């Protein structure tokens, strides 16, 4: 989640939708006043939902309506599989203590959790757990009544153009978007999903599927 008071915009950062790329491209420009922290109890959390951010704005006496609210969504079947690949890869790095990661206490804790997620479980069981235990994308950009409370719902599949759109909308001059946080796991999504899991995602994410016309 990013807030710029000068340029009057907010990004609602749904996990696994390319938000790190936006953050790493915008922060060096000096246009961001607040970026959400990784701790859940922070005033502004890294992956805060719009409802919570709106309440924080009211508490700080900031005018929510003056800000351009931007979020990114992604094909939900691909998004949950991206979680799967990330967790599996991180767990494997933890087990071999991969030197690409500085294994401090937070990284050790995350790595252990990822490894435990896959321990003695088949891939379908793990993916089902991931689907059930992560918020739907709709919950990030809607209020408690299901009403959209952001101004633009961008598409991960068109990330470069969406980045340019945001910058033009709020008056930021910048270069092309550099995509980061790509998973190196090369498993095929179609080898993991079965019909039960396909249908589970279809029901949970029916709002964004209808909104953007996503298909498995």
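Tabulated results
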| quantity | calculated |
| --- | --- |
| Residue among 86, 80 that alone is part of a helix (DSSP H, G or I), on the phi < 0 side of the Ramachandran plot and in contact with a helix residue (DSSP H, G or I) (Cβ under 6 Å, 6 or more places away or on another chain) | 80 |
| Residue pairs meeting the criteria (Cβ under 7 Å; at least 6 apart or on separate chains; first outside the structural domain of residue 176 (by TED's automatic domain parsing), in segment 16-39; second assigned to a loop (DSSP other than H, G, I, E, B)) | none |
| Any hit, segment 171-179, residues being in the same structural domain as residue 54 (by TED's automatic domain parsing), in contact with a strand residue (DSSP E or B) (Cβ under 8 Å, 6 or more places away or on another chain), closer than 22 Å to residue 50 by Cβ and in contact (Cβ under 8 Å) with a residue 60 or more places away in the chain | no |
| Residue in segment 61-68 that is touching a strand residue (DSSP E or B) at 6+ places or on another chain (Cβ under 7 Å), surrounded by 14 or more Cβ atoms within 10 Å (Cβ to Cβ) and more than 24 Å from residue 191 (Cβ to Cβ) present | yes |
| Among residues of segment 173-207, those that are at pLDDT 95 or above, crowded, with 16+ Cβ neighbours inside 10 Å and more than 15 Å from residue 81 (Cβ to Cβ), counted | 1 |
| Count of segment 114-169 residues which are part of a loop (DSSP other than H, G, I, E, B) and touching a strand residue (DSSP E or B) at 6+ places or on another chain (Cβ under 7 Å) | 4 |
| Residue 141 being buried (at least 19 other Cβ atoms within 10 Å of the Cβ) and not assigned by TED's automatic domain parsing to the domain that holds residue 193 | yes |
| Options 122, 105: the member that is free of Cβ contacts under 8 Å to residues at least 40 places away in the same chain, under 20 Å from residue 199 (Cβ atoms), loosely packed, with under 14 Cβ neighbours inside 10 Å and outside the structural domain of residue 21 (by TED's automatic domain parsing) | 122 |
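The values are calculated or read from the model by the stated rules, or taken from the named source; none is laboratory data. Owing to the predicted nature of the structure, the values given are computational and were not obtained by experimental measurement. Neighbour counts are summed over all protein chains in view; Cβ atoms, including those assigned to glycine, are modelled from backbone coordinates with ideal geometry.
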